[in-house]
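Note sheet for the following structure.
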Amino acid sequence: MSMDLMKIRKEIFNELGLNSTNSGIYAAGWIKNPSGKKVVSISPIDGKSIATVLTGSKQDYEMVVKKAEKAQAEWLRLTPPQRGELIRLIGNELRKQKSDLGKIVSIETGKTTVEGEGEIQEMIDIADFAVGLSRQLHGLQMASERFEHRMYEQYLPLGVIGVITSFNFPSSVWSWNSFIAAVVGDVVVWKPSSKAILTAISVMRIVTKVIRENHYPEIFSLLTGSGSEIGNLMSSDPRIKLISFTGSVKSGRIVSETVARRFGRTILELGGNNGSIVTAKANLNLSLKGVAFGAMATAGQRCTTTRRIIVQDKIYKEFISRLKVIYSNVKVGNPRENGVLVGPLIDDQAVKNFDKAVEVARKEGGKVLVGGKHTTIRGLEGGYYVQPTVIEMPRVTPVTCEETFAPILYVFKYDTLDEAIRIHNAVPQGLSSSIYTTDLMEEEIFLSSLGSDCGLANVNTATAGAEIGGAFGGEKDTGGGRESGSDAWKSYARRQTVTINWGKDIPLAQGVKFDV
Ligand code: UN1
């Protein structure tokens, strides 16, 4: 490891209680000898090992679910505001540990320092949101057609839920699900990505310390292990009432089918292939910044990354030439360094996927305008760096319909807004979208039923960088799930319609008579 990384590693290992070998299972306590494979966490910054984790297997699974069920029974005895109080305490602790947690996110996933901390800020924000929500979980009261009857609905806990997360938002996506589910009354089994396993362990160390010190039930457990083994056990287990899965469309389809077979519930956050339309009425400075951030932040490894831009003919030349200048000046390198905006990809496979996409795009008639190659950073030769890439495409082709987790931006030219929207909606995924325009009509068309077909639609801002207050998720192959803010909490509850007869007679609905 480079000296700089060694130093950070030492610091955060002390602060977060990590060791060179760590248990990857927490079920009301850290399990000493998990029975699964050893996983080495590699920093994509230099390709070197950070630490080893002992993961779980089938044998551990049973124990974890049993402990979760026990915690669930205890958790039900607390009111939602009492549950919210735990989340408030956790949020406070996360505030204190933001910098150290941000560092582990950064060295394990290659995010820049500010993006690493931003990830933890998102956890703090959703904690605050969940605390408020714990006093607002509400149903409706409906007018009953029957005399002396009252009808209303209530939202009750689902039980044990499973949260399967990806490497790219390794802790915040867990908190979006877990903090909200917790105030609703659920308990959570977490299966994190093996590529961000130390982040998951660090988060659990902090969260469970708060739980133990304040004598709350052990509502959060961690079960690291292989996606196919642990993920499949969770998906097929009727005791896990809901699986919230973030990952590829391919894996999501398997999870969805497996859970549906047992009538379980899913929240699916699958691929994004997000487009931005830049119209002739756009503010160019603003749009260029938005596109640059959307396409290159997190090295193009957000579900919400801008992967396609559709630019109006009249401004095309100017927009692209200015975009090329931005791309050529953007600093790629050690994400821990000031001024660096683009860090490495997560691993060697991601670099291979980048290569393949560039090659296929060329074959499909694409012209690489900027980038297209790997890059090596001095002193970090083992890291997984690529050049942020812009490829001009003649039309929508198969490769532009795929999500490649890398900083590749496909560019299309359009004449009419109808055409732009057609290109925009031509991909199978439907997560995020945006339009850059100062024209009211263009903006309204984009937001109408004739416009964007995505779960998130933005005006004059990037496809990436959603706030926690809204419901997050997408349509079509993105899977249809919603998590985080707004009323996404309802997915973590079972809805019960209640009818109470407070009279002395029993009138029947629909005027039916049944005199016995
Ligand atoms: C994801 O990539 O899975 O909107 C989540 C954003 C972040 C979350 C992305 N707040 O870019």
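Summary of computed values
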read-out: Neighbours by Cβ (under 9 Å, 6+ apart or cross-chain): first from segment 500-514, part of a helix (DSSP H, G or I); second acidic (Asp, Glu); value: ALA509/GLU145; GLN510/GLU145; GLY511/GLU145
read-out: Test: residue in segment 163-180 that is away from the ligand (no atom under 16 Å from the Cβ), closer than 14 Å to SER491 by Cα and modelled with pLDDT of 95 or more; value: no
read-out: Pair list, Cβ < 9 Å and 6+ apart or interchain, from segment 164-178 residues that are touching a residue at least 60 places away in the same chain (Cβ under 8 Å) to residues that are part of a loop (DSSP other than H, G, I, E, B) and within 6 Å of the ligand (Cβ to nearest atom); value: SER166/CYS303; ASN168/ARG302; ASN168/CYS303; PHE169/ARG302; PHE169/CYS303; TRP176/PHE169
read-out: Of all residues in segment 275-295 being among the hydrophobic types (A, V, I, L, M, F, W, C) and within 16 Å of the ligand (Cβ to nearest atom), the one that is surrounded by the fewest Cβ atoms within 10 Å (Cβ to Cβ); value: PHE293
read-out: Members of segment 8-25 that are in a loop (DSSP other than H, G, I, E, B) and surrounded by fewer than 19 Cβ atoms within 10 Å (Cβ to Cβ); value: GLY17, ASN19, SER20
read-out: Qualifying residue in segment 484-497 (condition: in a loop (DSSP other than H, G, I, E, B) and either outside the structural domain of GLU257 (by TED's automatic domain parsing) or within 16 Å of the ligand (Cβ to nearest atom) (or both)); value: yes
read-out: Residue check for VAL160: within 21 Å of VAL64 (Cα to Cα), in contact with a Phe, Trp or Tyr (Cβ under 8 Å, 6 or more places away or on another chain) and either in contact (Cβ under 8 Å) with a residue 60 or more places away in the chain or not polar (S, T, N, Q) (or both); value: no
read-out: GLY272 within 14 Å of the ligand (Cβ to nearest atom), in a helix (DSSP H, G or I) and buried (at least 22 other Cβ atoms within 10 Å of the Cβ); value: no
read-out: Residue among THR304, THR246 that is in contact with a helix residue (DSSP H, G or I) (Cβ under 7 Å, 6 or more places away or on another chain) and within 16 Å of the ligand (Cβ to nearest atom); value: THR246
read-out: Residues of segment 182-202 satisfying the condition of being under 29 Å from GLY300 (Cα atoms), more than 16 Å from the ligand (Cβ to nearest atom) and buried (at least 24 other Cβ atoms within 10 Å of the Cβ); value: VAL189, ILE197, LEU198, ILE201, SER202
read-out: Only one of TYR385, TYR436, TYR410 that is buried (at least 18 other Cβ atoms within 10 Å of the Cβ), closer than 22 Å to PRO170 by Cβ and either small (Gly, Ala, Ser) or modelled with pLDDT of 95 or more (or both); value: TYR385
read-out: Top-ranked residue of segment 452-479 - restricted to ones that are near the ligand (Cβ under 10 Å from one of its atoms) and among the aliphatic types (A, V, I, L, M), ranked as nearest to ASN285 (Cα to Cα); value: ALA462
read-out: Positions within segment 413-433 being surrounded by 21 or more Cβ atoms within 10 Å (Cβ to Cβ) and either charged (D, E, K, R) or in a loop (DSSP other than H, G, I, E, B) (or both), in sequence order; value: VAL427, LEU431
read-out: Residue selected from segment 26-36 under the condition touching a strand residue (DSSP E or B) at 6+ places or on another chain (Cβ under 6 Å) and crowded, with 20+ Cβ neighbours inside 10 Å, by the criterion farthest from THR208 (Cα to Cα); value: PRO34
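The values are calculated or read from the model by the stated rules, or taken from the named source; none is laboratory data. None of the values given here were measured: they were computed from a predicted structure. Cβ: placed from backbone, ideal geometry, glycine included. Neighbour counts: every protein chain shown.
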